[in-house]
């Protein structure tokens, strides 16, 4: 490992935190997945989704084997709801369980051959002690409280957890490797006027057809605004990569636009377009180049609507940072989560 590499385990050690990461091999080959296909956002075909969930199910036995050796046993399991079997593991060890309610893109729930997986997720949520959410109260305007009433469970909003990365390098290295390094990206940004750059990124679960992504790129180019466009690469996006080369797109936008290619997870605020996992092949292009161009111009032309949106984004950015600081809403909620689990464990031991 290079001397300047930083991982969650080394970060924890540097901070003096008693955190240990225990790797469990992901059984890709055993279920028929491509090698290193260990994340849902890199599954090359929806036909392989069931195999991916089968691989996750096979993590149960090695995790339980590890937990059986721990004295004392864990008091809480915090689990993604996709690992629905952890509810059974928690009961087996007499633990409580909280789950992250990460939602898959909408059309996932319309695939009839995956109904059983969806039902398992719902069952796991119904038996969980509570829900941990990667958001902050100030963003939700009472939705967290209403959600808590609706599911009749505790809900702790403890985000945005990405802000726990304090160093620029840590933030830049989140997710998979990008096509440019931190210095190149920041150098390019420093050459632009403050507040002049549009950032377009559709996230790790982007399943838009190449034609739609091309329209997005053309719209950004036509807007005449400086922009950063983050795109995913790999086998599923080869058509988009070929278009970039054949149309010399990066040469055309040189000095005014920057294309960052990544293989996996990325996130951000940008021009939003509808994302429907599984529907794109039937629907095709939903947002045309001219609509993207108009949206960018509305945001960046100095008009009242655009200025109001940018002001609101700055306010939310400030609120997010305050939420994670000592005494902020998410910081307090994290303390409450720990107190709730500790109190529940004490009650169970005394009963």
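Please indicate, with yes or no, whether at least one residue in segment 181-191 is in contact with a strand residue (DSSP E or B) (Cβ under 6 Å, 6 or more places away or on another chain), more than 30 Å from residue 285 (Cα to Cα) and either modelled with pLDDT of 85 or more or part of a loop (DSSP other than H, G, I, E, B) (or both).
yes
Among residues belonging to segment 130-180 that are within 23 Å of residue 259 (Cβ to Cβ) and in a helix (DSSP H, G or I), point out the one that is modelled with the highest pLDDT.
Once the filter is applied, the top-ranked residue is 162.
Looking for whichever is touching a residue at least 40 places away in the same chain (Cβ under 8 Å) and within 20 Å of the chain's Cα centre (by Cα) here; the options are 50, 46. Which one fits?
Matching residue, one of 50, 46: 46.
Return a yes/no flag: does segment 232-251 have any residue that is within 30 Å of residue 140 (Cβ to Cβ), at pLDDT below 95 and in contact with a helix residue (DSSP H, G or I) (Cβ under 9 Å, 6 or more places away or on another chain).
The answer is yes; a qualifying residue exists.
Here is a yes/no grid of residues against (1) within 27 Å of residue 131 (Cα to Cα); (2) modelled with pLDDT under 85; (3) not assigned by TED's automatic domain parsing to the domain that holds residue 124:
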residue: 17; (1), (2), (3): yes, yes, no
residue: 28; (1), (2), (3): no, no, no
residue: 34; (1), (2), (3): no, no, no
residue: 37; (1), (2), (3): no, no, no
residue: 44; (1), (2), (3): no, yes, no
residue: 78; (1), (2), (3): yes, no, no
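Across segment 220-261, what is the total count of residues that are more than 27 Å from the chain's Cα centre (by Cα) and at positive phi?
3
Report those helices (runs of 4 or more DSSP H) wholly inside segment 262-351 carrying at least 1 residues which are closer than 22 Å to residue 206 by Cα, over 21 Å from the mean Cα position of the chain (by Cα) and at pLDDT below 80.
Qualifying helices (runs of 4 or more DSSP H): 280-283.
The values are calculated or read from the model by the stated rules, or taken from the named source; none is laboratory data. Model, not experiment: these values are computed from the prediction. Positions of Cβ are backbone-derived with ideal geometry, glycine not excepted, and every protein chain shown enters the neighbour counts.
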